[in-house]
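A.B. asks: First, the structure itself, so that you have it in front of you.
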Amino acid sequence: MKLPARFLFPVVMAFFMSLVMSFVLTLINVGPVPNFFLIWPRSWAIGFCVAVPTAILVTPLVHKIVKRLSSDEK
C-alpha cells in the first residue's frame, strides 16, 4: 500500500530532521559522555513526536511561501 506524497513527505522529512537535530543538540547539551547513545534515542523520539504533526501542519504553508519566493512558474 502506497501512502500519498502529501502525507509521506513531511513524515520522512520530520524523521531525518529530528534525527540530526536531536543528535546535535544532545551532543551540545551533555557532551560526548559514555552513555550518549542511551540518552540520544529518547531525545530523538520526543523530537520526532513533535516534528511529525508540526511538519504535516506547516507543509502547505511552506509550499505557498516557496511558490511565492521562487522563480518557478507552475
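None of the figures in this text is laboratory data; all of them are computed from the coordinates on show. Computed from a predicted model, the values in this text were never measured in an experiment. All Cβ positions, glycine included, derive from the backbone under ideal geometry; neighbour counts span all protein chains shown.
A.B. asks: For the chain, build the charge dipole from Cβ charges (+1 Lys, Arg; -1 Asp, Glu) around the Cα centre, then report which of 10, 29, 71 sits farthest towards its positive end.
C.D. replies: 71
A.B. asks: Let me ask something else. Could you please tell me the mean projected area of the C-alpha convex hull for the chain, averaged over all directions and given in square nanometres to one decimal?
C.D. replies: On the way: hull surface 28.0 nm².
Average projection, Cα convex hull of the chain: 7.0 nm².
A.B. asks: May I pose another question? Rank by packing, highest mean first: peptides 8-18, 36-46, with packing defined as the count of other Cβ atoms within 10 Å averaged across residues.
C.D. replies: 8-18, 36-46
A.B. asks: Something else now. Might you report the magnitude of the Cβ-based charge dipole of the chain about its Cα centre, with Lys and Arg at +1 and Asp and Glu at -1, to the nearest 20 debye?
C.D. replies: 240
A.B. asks: Between residue 50 and residue 2, what is the FRET efficiency for a Förster distance of 35 Å, r being their Cβ-Cβ separation, to the nearest 0.05?
C.D. replies: Efficiency at R0 = 35 Å is approximately 0.85.
A.B. asks: Roughly how tilted is helix 36-69, in degrees to the nearest 10 and between 0 and 90, from the longest Cα axis of the chain?
C.D. replies: 20
A.B. asks: At R0 = 22 Å, how high is the FRET efficiency between residue 59 and residue 20 if r is their beta carbon distance? Nearest 0.05 is fine.
C.D. replies: Approximately 0.75, to the nearest 0.05.
A.B. asks: Then there is this: Compute the helix-to-body angle for 5-30: its Cα long axis versus the longest principal axis of the chain, expressed 0 to 90° and rounded to tens.
C.D. replies: 30
A.B. asks: Can you give the FRET efficiency for residue 68 and residue 38, using 1/(1 + (r/R0)^6), R0 = 35 Å, r = Cβ-Cβ distance, to the nearest 0.05?
C.D. replies: Values: r = 44 Å, r/R0 = 1.27.
The pair residue 68/residue 38 has a calculated efficiency of 0.20.
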